[in-house]
Amino acid sequence: MSSHSQEEPLSLRSATDLLDQLIYQALQDEVRGLEPSPQVWVRIRQRIAATGASCRGKDATAWVPLLRSGALAVLDVLFAGSDWEARLTKHRAPVSWLLPFAGGLVWAV
Amino acid sequence: MALHDEDSRLISRIRQGDLLALGVLYERHKKQMYRVALAITRDPNAAEDILQEGFLRLYGSVDRFDETRPLAPWLYRVTVNLSYNWVTRRGRWLVPMEGAMERLRAGPKSSPETVVEQNELQRIVREALNALGFEHRVVLVLFYLGEFSLKEIAHILNLPEGTVKSRLHYGRKRLRSRLERDRRVLGGVAYEFS
């Protein structure tokens, strides 16, 4: 046995609360470096779009989010690199963002 | 509290149908919710499903939220409930502790180096944690990993604070007794747990 282990036999008795440290460490070890994949958020959006759950709100533009969520992935592809989304506001008329969408479809065809 | 205020603002936007606000809220809470679910279920796929379902439930019931109250306890209550459903459905709980200890004892007697001993100790702790029942593990996960206070955990689990304290105490006590009982696995090194 090394002299080191003679002097410090891993008792850690000087630690404030060894058990707390061990529990904390063990739980951290189980989740360290793990994060949800980006697909989780994609699935959430798809489910909302599929169920129509996004048709909330009480004004005439309540249907906008549903269309928007459904078209979001397409817009992301068609206008990759542009700031189309930044130009939109939730109060702007749907036509203001449907126009570039329609234009993009024409372009794609 | 600033975090609470920000959540409240996002909830208001989601009520208007703003999916981008839901995305921001998701980014704010996804990591911790996922880790809590993962620590309870010990299954990455299940943890992702629970995270997904949790946010779908949030979106579906956003109109009923009281914006004056913090969102986080609601999110973690859903996380715990969904985790419980998953564990119950799969019947995956209570790994036999004795078997785990036998595997440890039968394993190669490594060198007495400190690092090895610490690894062994961590393994024993993880096994002991996994042997705890759901209700005790959940409290430990929320307390140590979620870093919630006893009062917050009581709110999340909808239990009296005294019950949470009791479960935390019981969970620690069981871990301590198991660790002390099996300390010979580590070559007879004396450990003392407060």
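The values are calculated or read from the model by the stated rules, or taken from the named source; none is laboratory data. A quick note: this is a predicted structure, and the numbers were derived from the prediction, not measured. Positions of Cβ are backbone-derived with ideal geometry, glycine not excepted, and every protein chain shown enters the neighbour counts.
If a residue must be more than 10 Å from every other protein chain (Cβ to nearest Cβ), buried (at least 23 other Cβ atoms within 10 Å of the Cβ) and small (Gly, Ala, Ser), how many such residues does the range B:1-27 contain?
Result for the range B:1-27: 0.
Okay, residues lined up against (1) modelled with pLDDT under 65; (2) surrounded by 15 or more Cβ atoms within 10 Å (Cβ to Cβ); (3) not assigned by TED's automatic domain parsing to the domain that holds B:Asn45:
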| position | (1), (2), (3) |
| --- | --- |
| B:Thr79 | no, yes, no |
| B:Asn85 | no, no, no |
| B:Leu104 | yes, yes, yes |
| B:Ser111 | yes, no, yes |
| B:Arg123 | no, yes, yes |
| B:Leu129 | no, yes, yes |
| B:Phe143 | no, yes, yes |
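Could you check how many residues of the range B:144-180 are of a type in the set (D, E, K, R), assigned to a helix (DSSP H, G or I) and within 14 Å of chain A (Cβ to nearest Cβ)?
7
In the range B:28-67, which residue that is among the polar types (S, T, N, Q) and free of Cβ contacts under 8 Å to residues at least 24 places away in the same chain is nearest to the other protein chains (Cβ to nearest Cβ)?
The qualifying residue nearest to the other protein chains (Cβ to nearest Cβ) is B:Gln52.
Within 14 Å of chain A (Cβ to nearest Cβ) and either aromatic (Phe, Trp, Tyr) or within 21 Å of the chain's Cα centre (by Cα) (or both), is that true of B:Ala72?
For B:Ala72, the condition - within 14 Å of chain A (Cβ to nearest Cβ) and either aromatic (Phe, Trp, Tyr) or within 21 Å of the chain's Cα centre (by Cα) (or both) - is not met.
Pairs under 6 Å by beta carbon, first residue facing chain B (nearest Cβ under 7 Å) and touching a residue at least 24 places away in the same chain (Cβ under 8 Å) in the range A:16-34, partner among the charged types (D, E, K, R) and outside any loop (DSSP other than H, G, I, E, B), six or more apart or different chains?
none
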